[in-house]
Amino acid sequence: MNKIAVIGSNMVDLITYIDRMPEQGETLEAPGFAMGCGGKGANQAVAAAKLGADVLMLSKVGDDMFADNTLANFKRFGIDTRYVERVPGVSSGVAPIFVKCDSHNSILIIKGANAHLKPADIDAAQSDLRDCKLIVLQLEIDLDTVYYAIDFAKRNGIQVLLNPAPAVAGLSHAHLSQLDFFIPNETELALITGLPVDGPQSALIAARQLVEEGIRHVIVTLGANGALYVGEEGEFQVDGLNVAARDTTGAGDAFIGCFAHHWSQDGDIRRAMTLAVAYSAFSVTGLGTQTSYPDAAPFAQFLASL
Ligand code: RIB
C-alpha cells in the first residue's frame, strides 16, 4: 500500500510574464501570458502522478468554466477525483501570477471553492483515506480542515506531511508536533519559528527547534542550495543543482510531489530528497507550474545527464 492522498487546493494560474511591475496608475505592456492548472495541492498531486504515484485528491472546484478543465486535468494524469467536488454558486480558485525575466515570481491567490473543503469532506472520504500511506497537506484551504486532517491521520496510523505554504503565522504547535514530515522553505520556517532564517546554518537552528517540539522529520527547501534534513535520521544537506532557471513558479510543489512519491515507494528519505531536489531543479528550466513537471522518462534522462 503506497497510495498518496493530497487534501488541498486547486487554482487556475493566470501567468503574466513581465519585465517589471507597473507603478500605481501606470499601464504597462507585458511580453507574455499563459493560463494553466495550478494550486499547491493540485501541483503536488500532479507531480507525484506524473512520476507514477497512485494519487487520491480531496479538493473543491467552483461553479464556472474552469471547473471542467481542472477535473479533466486531474483525470488526464490518472488522479482519483471521486472526492473533487463542485461548489454551487462559487468561483474556482484563481491565482494571478507575475513572473519576471529573472525567473522569480509574485503570486496572488483567490481561494474561491477551496475555502469550502471542510472536515466533513475528510469524514466522507475516510475509508479511502485509510488505504493511503501518506496524507499531503498545504495551507491554501481552511486551517481547521488542515488540523482535522492531521488528527485524522494520527488516529488512523497514516503518515502525514505538511508543506506550510503559503506561509501563515500562528500555526497550532500542538498540531505541528504531530506531523511526520514538515517541509517549509526558508521564509515559511522563519515565520513559523520566529527565528531568523537566511541560509543553511540558520535554517538548521530553526529546524532543530521544531524537531525538539515533536516533529519527526523537518526538511527545509533551500532553493538553489538544495534541501536540509533534521530529524530522527540525524542532520544532513542535499546539495542543489546548477540549472538555467526560467520560471521558479511551482518549484516547491514539484519537490513535495516528487518527495512524496519516492518516499512512499521505499521509505528512503535521503534518496527521496535527492530526487526531489533534482525534480524541482528540472521544473524551473521550463515555463508554468504543472507544465514544467517532467514525466518519469524525461526525468530519468535528466538524472542520467547529471
Ligand atoms: O506554488 C505555486 C502555486 O501557488 C501556483 O500554481 C498558484 O496556483 C499558487 O497556488
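The values are calculated or read from the model by the stated rules, or taken from the named source; none is laboratory data. Here the structure is a predicted model, which means the values were calculated and not measured. Cβ sites come from the backbone with ideal geometry, for glycine too, and all protein chains shown count toward neighbours. Areas reflect the complete protein model, heavy atoms only, side chains present, ligands, DNA and RNA absent. Shrake-Rupley method; radii C 1.70, N 1.55, O 1.52, S 1.80 Å.
Across the stretch 4-32, what is the total count of residues that are in a strand (DSSP E or B), among the small types (Gly, Ala, Ser) and open to solvent by 10 Å² or more (accessible area, probe 1.4 Å)?
Total satisfying the criteria: 1.
Among the residues of the stretch 83-98, are any at pLDDT 95 or above, aromatic (Phe, Trp, Tyr) and touching a helix residue (DSSP H, G or I) at 6+ places or on another chain (Cβ under 9 Å)?
Checking the stretch 83-98: at least one residue is at pLDDT 95 or above, aromatic (Phe, Trp, Tyr) and touching a helix residue (DSSP H, G or I) at 6+ places or on another chain (Cβ under 9 Å).
Looking for whichever is closer than 28 Å to residue 125 by Cα and touching a Ser or Thr at 6+ places or on another chain (Cβ under 9 Å) here; the options are 227, 174, 167. Which one fits? Give the derivation first.
Working: 227 fails: closer than 28 Å to residue 125 by Cα; 174 fails: touching a Ser or Thr at 6+ places or on another chain (Cβ under 9 Å).
Being closer than 28 Å to residue 125 by Cα and touching a Ser or Thr at 6+ places or on another chain (Cβ under 9 Å) holds for just one of 227, 174, 167, which is 167.
Sort through 240, 252 and tell me the only one that's under 19 Å from the mean Cα position of the chain (by Cα), part of a loop (DSSP other than H, G, I, E, B) and either modelled with pLDDT under 95 or not aromatic (Phe, Trp, Tyr) (or both).
240
Here is a list: 141, 110. Which entry is touching a Gly at 6+ places or on another chain (Cβ under 8 Å) and surrounded by fewer than 17 Cβ atoms within 10 Å (Cβ to Cβ)?
Testing whether each residue is touching a Gly at 6+ places or on another chain (Cβ under 8 Å) and surrounded by fewer than 17 Cβ atoms within 10 Å (Cβ to Cβ) leaves just 110.
Considering only strands (runs of 3 or more DSSP E) fully contained in the stretch 99-177, which possess at least 3 residues that are in contact (Cβ under 8 Å) with a residue 60 or more places away in the chain and within 19 Å of the chain's Cα centre (by Cα)?
Here the list reads 105-107, 132-137.
Here is a list: 304, 224. Which entry is more than 28 Å from residue 99 (Cβ to Cβ) and open to solvent by 20 Å² or more (accessible area, probe 1.4 Å)?
Within the list 304, 224, the selection yields 304.
Can you name the residue in the stretch 154-170 that is under 24 Å from residue 11 (Cβ atoms) and in contact with a strand residue (DSSP E or B) (Cβ under 6 Å, 6 or more places away or on another chain) and, of all such residues, is farthest from the ligand (Cβ to nearest atom)?
Among those residues, the one meeting the criterion is 160.
Residues being among the polar types (S, T, N, Q) and within 16 Å of the ligand (Cβ to nearest atom): count how many of those fall in the stretch 205-242.
1
Let's see how each residue does on (1) within 30 Å of residue 72 (Cβ to Cβ); (2) polar (S, T, N, Q); (3) more than 16 Å from the ligand (Cβ to nearest atom); (4) in a helix (DSSP H, G or I):
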| residue | (1), (2), (3), (4) |
| --- | --- |
| 203 | no, no, yes, yes |
| 244 | no, no, yes, no |
| 248 | yes, yes, no, no |
| 259 | yes, no, no, yes |
| 286 | yes, no, no, no |
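Pairs please, first residue from the stretch 28-50 and closer than 16 Å to residue 99 by Cα and within 8 Å of the ligand (Cβ to nearest atom), second anywhere and open to solvent by 10 Å² or more (accessible area, probe 1.4 Å) and small (Gly, Ala, Ser), Cβ atoms under 7 Å, 6+ apart in sequence or on different chains.
38/250
Consider residue 272 carefully, then state whether it is away from the ligand (no atom under 15 Å from the Cβ), surrounded by 20 or more Cβ atoms within 10 Å (Cβ to Cβ) and either without any contact (Cβ under 8 Å) to a residue 24 or more places away in the chain or aromatic (Phe, Trp, Tyr) (or both). I'd like the intermediate steps shown before the answer.
Values: away from the ligand (no atom under 15 Å from the Cβ): yes; surrounded by 20 or more Cβ atoms within 10 Å (Cβ to Cβ): yes; either without any contact (Cβ under 8 Å) to a residue 24 or more places away in the chain or aromatic (Phe, Trp, Tyr) (or both): yes.
Criteria met by residue 272.
Mind checking which residues of the stretch 229-250 are under 22 Å from residue 193 (Cα atoms) and open to solvent by less than 10 Å² (accessible area, probe 1.4 Å)?
229, 230
Which residue pairs have Cβ atoms under 8 Å apart, sit 6 or more places apart or on different chains, and have a first residue in the stretch 215-242 that is over 12 Å from residue 183 (Cβ atoms) and a second that is open to solvent by 70 Å² or more (accessible area, probe 1.4 Å) and of a type in the set (Gly, Ala, Ser)?
Note: pairs meeting the criteria are 240/224; 242/224.
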